[in-house]
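What follows is a short report on a single structure.
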Amino acid sequence: MADVALVQVGKSFGAVEAVRDFSLSIADGEFVVLLGPTGAGKTTTLRLIAGLERPDRGNVVIKGRDVTEEAPAERDVAFVFQQYSLYPHLTVYDNLAFPLRSPARRMNESVIRRRVQQVAELLHIEYKLDNRATALSGGEMQRVAIGRALVREPAVYLMDEPLSSLDAKLRAELRLELKRIQRELGTTILYVTHDQIEAMTMADRIGVMNEGALIQLGTPREIYERPNSAYVASRLGTPGINLIPAELLGSDAVPPNVRTVGLRTEHIRISSADRSGPIAQVHWVEHLGDQNHVHLRLATHSLVTLADPVQELKAGDQVSLEFTEPLYFDSAGNRVGSDGAGVRA
Amino acid sequence: MAEIKVEQVTKTFETFAAVKGVSFTVDHGSFFVILGPSGCGKTTTLRMIAGLELPTSGRIRLDGEDVTGLRASARDIAFVFQLFALYPHMNVRQNIGFPLRCQNFPRAEIRRSVEETAKLLRIDHLLERRVGGLSGGDRQRVALGRAIVRRPKAFLMDEPLGALDSEFRRLMCGELRELHDRIDATSIYITHDQLEAMAMADRIAIMNQGLVEQIGTPQAIYDRPNTMFVADFIGAPPMSFLDVRASLSRGARSIEIDGVPVEMPEVFEDRAEGRFALGVRPENVSFIDSSQLRGRVIGAEYLGTTQIVTVTTANGQIKARLPSANTVRVGEQVGLALRPDRLSLFDASSGQALSSALHAGGRHG
C-alpha cells in the first residue's frame, strides 16, 4: 500500500508555478529522493505533504486518507529541516523527548525514556544525552534534530536537505547511517536534495525535478543509465555527461532526428591518434586525487572524461576517440530511441 | 601581489588553545587553501592574518613587513566572508563601489574602478540593477567585486561558497581560480570541502586541532599523506586502513596480513614489533579470485560510472572503487589485490607515515 501519494498537485505563488501537475506515490518502507536545483519545487512539495502549504489543485493522501484539508498536526508526518532548530535551554535528552511529551500524545515517562535511549543509540549520541544542546558540534546537533523526528513513528519522514549544512566528511558518514537506520526500521522517507551523490547512494527511487515538474522517476541505475532527457542525464554523473552537437560525429554516425549526443566518461575510449575515429586534443589534465579529469577539445567543443591512470596523457597530445553506446537526444532534449524504461512522469 | 608569512602563531581563548604554533608561507601569486574539519583553527588563523584577532604569540608578515599588531583596516587585505551580505537598497554599482566611497575616493576614480572590476567579473551589464533580483551566482560575483575593487595585496576567503548548491559551487570554484589568475592575486582560502581544495589550490595546508598536519600540493597530499588524519580527511571515500601486527626492517618490500604477504613500497626504517596501519585508496583495490587476501562484501554504493564496494576482512574494512559494470553481490567472498606501489604504512599509535619508497623523506613542509 502506498504510504503517501500526491495526486496531480499544483501550487503557485503569485505568477510563479512552484509545483505543477505533480503525481507521486511512495510505498511503505520506501526511500524516495527528490533531486533538483534550487528553485525546482522540491521544498514546496515537502511542505505540501506536511500541510505547511495548501495546494491550489490536487490531493495529498497519507495512509489511504485524504489529508488535503487537514492541519499539519493532524497529519501523521515528521519534518526534518535543513537548519537544525533545537531548544538551546534543554538537554539533548529533553530535546529528543519533546515531541513525545506533547499534550496531544500523552506518553508514559518510562516509555519515553526507552524510546529516547533507543534513538540515541541508533544515532550514536547516547553519551551526550545530558549535554545541553548548545554544547554540541554541528554534526551532533543535526543528529539530535534527526533523532527528534525518529522518536515518533509517523507514516512518513519528510527531510529537507538535512545534511547540507554539515562538513563533507560528516555528510558522507551520516548518509550511510541514515540509509542504515531507514533499512533497520523500515521507515518511509521522502528526502529532498540537490546533491546527486546523496540521491544515488540513499534512494530506492529518485525523482528528478525541474521547474516544478517531476521529469523522471526511477531507481538510481535507471535514472543514470536510461535518462529520458538531456536534462535528467546532466543531473547525474561526475564528471557530468558531455552533450555535443550531433553533426560533430557525422550524419551517418547517428540516427535521424538526433540533435545532441550525450557521452558519459565510460562511453569514451581514448587511444593514440594513429587509430581511426574523431581526433581530439588534450587541453589539460586536472588532478583531483582519486580521479584525473582529462579536458579534451573536439573541434570547437570541450569534453571532460576520466583519465585512465595508466594512460600518460599531457596537454597538447593528439588522441583518437571511440564512442560506445552514446545517448541520443532530439531538438527538444528528449531521449531518442528511449527503451521506455524508467517511468516517464 | 604579496607574500604572506605566518610564523609560529598561537591563539588561546581563555583556556582553549585554538591555534598551537602554526607556520607557513604563501608565495606571491599563489592560491593557498587551509583545509580542515570545523573547530580545527582554520578560521581563527585566517582572522589573525586579516587582523580581526590578535595572536597570543608569533608573527605575521605581509611582504616582509611585520603586521602582527596592525589593525585590520591598516592591512592591505580583503576579506570575503562565508555569507555574502549585500546592501539590498543599493544597486550593483553602489554595492561594488561602497568600500571606495567609505575611503572618500574621488568620484571619477570610483566609477572607473567599479567598471573595471565589473568587467573582470563579467557583470558589467548588471551595474544599474538592484541586487534583490539577481541570481545567486551574480550576487556572489557582486560580493567578490566589493572585495577586489580596492585591489588589495591579498584576498582572504572564509568558505565563500559554503552556502551554494554543489553544482554551482563547482562552477564558482573554476571562476574564482580563474579570477585569481587574472588579477595576479595572492589568495588564502578556507574550506572543509576537500574537493574544493583539490580543485583550486596550488598548495594545501591541512589543519587538525590547532596544528598543521601537512602542507603540499593537492596531488602530493593525496598520494603521500604524512598522517592517518590526512589520509582519512582527503579522498571520498577516504583511505582504508588494515590493522597489522608486524616488525619491520629497512629494505622490507612486503608485510604479512593474516599470514598473506602483501607487496608494498620499500620501507626505509627499522621498526620493532608493533601495530601498523596499511593504508590503501579505493581506486587501488581490485578483486582477483586467486588472491589469498580474502574478505566478504558487505555493501555496494552505486555512483553511476563507478561503485564503491565495502569489504570486511579479518584486519578491517576496505573500500574499493570499481566500474559499475562489475556485478558484485552482498555477502560474497572475494580475493583482494592492492596496488603495491600505492600503499602507505602508518604507525598505528602515532598515526605517522613510515618513510618508504613512496613516502621518501617522510615529512614535507
Scan of segment B:21-38 for residues that are crowded, with 17+ Cβ neighbours inside 10 Å and of a type outside the set (Val, Ile, Thr), ordered by number: B:PHE24, B:SER30, B:PHE31, B:PHE32, B:LEU35, B:GLY36, B:PRO37
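Quick one: which of B:ALA197, B:ALA246, B:ALA205 is within 12 Å of the chain's Cα centre (by Cα), more than 14 Å from B:HIS359 (Cβ to Cβ) and away from chain A (no Cβ under 14 Å)?
B:ALA205
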Single match in A:ILE206, A:ILE181 (criterion: among the aliphatic types (A, V, I, L, M) and under 22 Å from B:PRO323 (Cβ atoms)): A:ILE206
Hey, among A:LEU243, A:LEU263, A:LEU248, which residue is among the hydrophobic types (A, V, I, L, M, F, W, C) and free of Cβ contacts under 8 Å to residues at least 60 places away in the same chain? A:LEU248
Right, A:ALA40: more than 21 Å from A:LEU178 (Cα to Cα), under 27 Å from the mean Cα position of the chain (by Cα), in the same structural domain as A:VAL208 (by TED's automatic domain parsing) and touching a residue at least 12 places away in the same chain (Cβ under 8 Å) or not? yes
Can you tell me which condition B:LEU161 does not meet? The list is (1) buried (at least 18 other Cβ atoms within 10 Å of the Cβ); (2) touching a helix residue (DSSP H, G or I) at 6+ places or on another chain (Cβ under 7 Å); (3) without any contact (Cβ under 8 Å) to a residue 40 or more places away in the chain; (4) part of a helix (DSSP H, G or I), and all the others hold. (4)
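Answer yes if at least one residue in segment B:53-60 is surrounded by fewer than 16 Cβ atoms within 10 Å (Cβ to Cβ) and part of a strand (DSSP E or B), and no otherwise. Give the steps one after another, and end with the answer.
To start, the set of residues in segment B:53-60 that are surrounded by fewer than 16 Cβ atoms within 10 Å (Cβ to Cβ) comprises B:54, B:56-57, B:59.
Those left that are additionally part of a strand (DSSP E or B): B:57, B:59.
Yes: segment B:53-60 contains one or more residues that are surrounded by fewer than 16 Cβ atoms within 10 Å (Cβ to Cβ) and part of a strand (DSSP E or B).
Just one of B:GLY174, B:GLY133, B:GLY216, B:GLY210 is free of Cβ contacts under 8 Å to residues at least 12 places away in the same chain, surrounded by fewer than 23 Cβ atoms within 10 Å (Cβ to Cβ) and not basic (Lys, Arg); which is it?
Details: B:GLY174 fails: free of Cβ contacts under 8 Å to residues at least 12 places away in the same chain; B:GLY216 fails: free of Cβ contacts under 8 Å to residues at least 12 places away in the same chain; B:GLY210 fails: free of Cβ contacts under 8 Å to residues at least 12 places away in the same chain.
One residue alone meets the criteria, B:GLY133.
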Among the residues of segment A:38-70 satisfying the criterion of being touching an Asp or Glu at 6+ places or on another chain (Cβ under 7 Å) and within 14 Å of another protein chain (Cβ to nearest Cβ), which is surrounded by the fewest Cβ atoms within 10 Å (Cβ to Cβ)? A:THR38
Within the set of pairs 6+ apart or on separate chains, which have a first residue in segment A:302-322 that is part of a strand (DSSP E or B), a second that is at pLDDT 85 or above and of a type in the set (D, E, K, R), and C-beta atoms under 6 Å apart? A:GLU322/A:ARG269
So the check is Cβ under 8 Å with 6+ separation or different chains; which pairs have a first residue in segment A:114-134 that's on the phi > 0 side of the Ramachandran plot and a second one that's crowded, with 20+ Cβ neighbours inside 10 Å? A:HIS124/A:ARG143
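Residues are listed down the side, and each one gets a yes or a no for (1) farther than 30 Å from B:GLY235 by Cβ; (2) touching a Ser or Thr at 6+ places or on another chain (Cβ under 8 Å); (3) in contact (Cβ under 8 Å) with a residue 12 or more places away in the chain; (4) not assigned by TED's automatic domain parsing to the domain that holds B:ARG150:
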position: B:LYS20; (1), (2), (3), (4): no, yes, yes, no
position: B:PHE31; (1), (2), (3), (4): no, yes, yes, no
position: B:CYS40; (1), (2), (3), (4): no, no, yes, no
position: B:LEU54; (1), (2), (3), (4): yes, yes, yes, no
position: B:GLU65; (1), (2), (3), (4): yes, no, no, no
position: B:GLN94; (1), (2), (3), (4): yes, no, no, no
position: B:VAL114; (1), (2), (3), (4): yes, no, yes, no
In segment A:41-84, which residues are modelled with pLDDT under 90, assigned to a loop (DSSP other than H, G, I, E, B) and of a type in the set (A, V, I, L, M, F, W, C)? A:PHE81
The condition from (1) at pLDDT 80 or above; (2) closer than 22 Å to B:ASP223 by Cβ that A:VAL310 misses is numbered (1)
Odd one out for B:ARG122 among (1) part of a loop (DSSP other than H, G, I, E, B); (2) within 30 Å of the chain's Cα centre (by Cα); (3) buried (at least 16 other Cβ atoms within 10 Å of the Cβ): (3)
Any strands (runs of 3 or more DSSP E) falling wholly within segment B:265-365 and containing at least 1 residues that are away from chain A (no Cβ under 12 Å) and among the acidic types (Asp, Glu): B:271-280, B:344-347
Tell me yes or no: at least one residue of segment A:269-289 is within 11 Å of chain B (Cβ to nearest Cβ), of a type in the set (Phe, Trp, Tyr) and on the phi < 0 side of the Ramachandran plot. no
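Select from segment B:83-119 the residues that are in a loop (DSSP other than H, G, I, E, B) and within 32 Å of the chain's Cα centre (by Cα) and write down the one among them that is surrounded by the most Cβ atoms within 10 Å (Cβ to Cβ).
Per the stated criteria, the residue is B:LEU86.
Identify, please: which residue in segment A:285-337 is among the β-branched types (Val, Ile, Thr) and over 32 Å from the mean Cα position of the chain (by Cα) and is, among those, surrounded by the most Cβ atoms within 10 Å (Cβ to Cβ)?
Of the residues in segment A:285-337, the ones among the β-branched types (Val, Ile, Thr) are A:285, A:294, A:300, A:304-305, A:310, A:319, A:324, A:336.
If we keep only those that are over 32 Å from the mean Cα position of the chain (by Cα) too, we end up with A:300, A:310, A:319.
On the way: A:THR300: 8, A:VAL310: 5, A:VAL319: 21.
For segment A:285-337, the residue satisfying everything is A:VAL319.
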Can you tell me how many residues within segment B:28-38 are out of contact with any Asp or Glu (no Cβ under 6 Å at 6 or more places or on another chain) and either among the aromatic types (Phe, Trp, Tyr) or modelled with pLDDT of 95 or more (or both)? 4
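Select from segment A:291-306 the residues that are among the hydrophobic types (A, V, I, L, M, F, W, C) and either touching a Gly at 6+ places or on another chain (Cβ under 9 Å) or under 15 Å from A:ARG269 (Cα atoms) (or both) and write down the one among them that is nearest to the other protein chains (Cβ to nearest Cβ).
Applying the filter and picking the extreme gives A:LEU306.
Residue by residue, here is whether (1) crowded, with 16+ Cβ neighbours inside 10 Å; (2) β-branched (Val, Ile, Thr); (3) within 30 Å of the chain's Cα centre (by Cα) holds:
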| residue | (1), (2), (3) |
| --- | --- |
| A:TYR87 | no, no, yes |
| A:THR91 | yes, yes, no |
| A:ASP94 | yes, no, no |
| A:PHE98 | yes, no, yes |
| A:ARG106 | no, no, no |
| A:VAL111 | no, yes, no |
| A:LEU123 | yes, no, yes |
| A:ASP130 | no, no, no |
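The values are calculated or read from the model by the stated rules, or taken from the named source; none is laboratory data. On a predicted model such as this, the values are computed, not experimentally measured, just so you know. Cβ coordinates were reconstructed from backbone atoms using ideal geometry, including for glycine residues, and neighbour counts include every protein chain displayed.
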